[in-house]
Amino acid sequence: RPPKGGPPKESRPAIVDWVFDCYDPRTGGFGGNCSQRQHPQRLARQPPTDNDQNQRQFLLNDETPCPHDGHLLYTLSALQILAIAGKLNDPRLDKPAIAAFISSLQNEDGSFSGDEWGEVDTRFSYCALSSLALLGCLPLPNDDKDEEGNDGCDDKYKEATKPVIDIKKAVSYILSCRNFDGGFGSIPGAESHAGQVFCCIGALSIAHSLHLLNDENNDTDPKNTHGGNASPGGRAGADLLSWWLAERQCDSGGLNGRPEKQADVCYSWWILSALSIMGRVDWINRKKLGQFILNCQDDDDGGIADRPGDMPDVYHTFFGLAGLSLIGFLGDVGEKEGRVYREVDPVFALPVDVVRGMGLKAQVVSGMDGRVEERLKSYSVLDGSSGR
């Protein structure tokens, strides 16, 4: 195991510099990691020739970072890290190239592929819309402008003759992935899954299109060209989904991603974030969920695991802390300790102060009592008090 605290601070590469090392100029997106220009083991499998022996030796000695292939998942992660670090205006960030990369991945039906190899998933729809919002170049539907009249794009993108993406097609595709139980799948007709629900609800929130969940007259795909299931409309739309999410709470207090599955800490984020956006966090037992998350913390390492007794990891530690934030647990602890813990934003998965500092916009739904969480008051609010 590495020594406590890791290597000396002065020997660690800056996280921001490493993120830029993962930028793939060939595609315009970010990869998940970077490596040497050519890995020695890979070169060893290639038979040398007289003509390329010198080049191979150069590559063996070259330690210039080589990014992995650009992908929407890692592009959003990179932009989120840069946003937290306050480095979205770093001159190394080629915003037009990243926007063009995202634009190139939108398909004719409005869906997004993760990379050039073509896999389609509603996760990528969220990544695309969230990334463009962070870059300041997300076109909103023509009739959806925020209270200040902004349509989500920086001036330089407004001057473009064509929007970066077709936002209405993107929204239409997301809605085509909705199922009879109110949930969303990875593609039209796929099983409802809590992780996909967050991606779809988060994307609709960023696109200022949550109102379409409850629109009885909305028929985004009258000919069923996407091949999905018949989706619920009317007032039941958002609340049917919220009820499906609330039913994910198990006897242990934890949340699962699908019926008949074990509870997992990661769904504390995927489900609570969607319920928070729709103003329905009170539909689950906060106290039991908070205790489940605490039971998953390792007494020695301090990290959080997927469930009690398992090995902790960074992934579940983040989602566990995010869940504790969304149910107000960290705020309560902070009051007792005399400390202020940063709150997480359920739409962009970033600290609330970062979201507000960037002026990011989204759409949320009020609670049954008409109230809105303090962390969401900077967003456009739909009336959710008559949803039931």
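Read-outs: derived from the displayed coordinates by stated rules, not from any lab. Everything numeric in this text was worked out from a predicted model, so none of it was measured.
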Karplus (6.51, -1.76, 1.60) ³J(HN,Hα), θ = phi - 60°, over region 245-252, in Hz, Gly and Pro reported as x: 5, 5, 5, 7, 7, 8, 4, 6
Rel. contact order, % - alpha carbon contacts under 8 angstrom, at least six apart, region 277-388: 22 percent
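My understanding is that a pair violates if its Cα-Cα distance is over 20 Å; which of Lys261/Lys288; Lys95/Lys162; Lys288/Lys377 do that in this structure?
Details: Lys261/Lys288 18 Å; Lys95/Lys162 16 Å; Lys288/Lys377 27 Å.
Listed pairs above 20 Å: Lys288/Lys377.
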Placed amide H near Phe30: partners under 5 Å, 5+ positions off or other chain: Asp24, His71, Thr75
Long-range HN-HN contacts of Ala362 with modeled amide H, under 5 Å: Ser380
Integer Hz, Karplus 6.51/-1.76/1.60 couplings in order for region 74-79, x for Gly and Pro: 7, 5, 5, 4, 4, 5
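Is region 272-388 best put as rounded, prolate or oblate by its Cα gyration tensor, with a ≥ b ≥ c the root eigenvalues, rounded for a/c under 1.5, and otherwise prolate when a/b is larger than b/c, oblate when not?
On the way: a/c = 2.06, a/b = 1.62, b/c = 1.27.
It comes out prolate by the Cα gyration axes.
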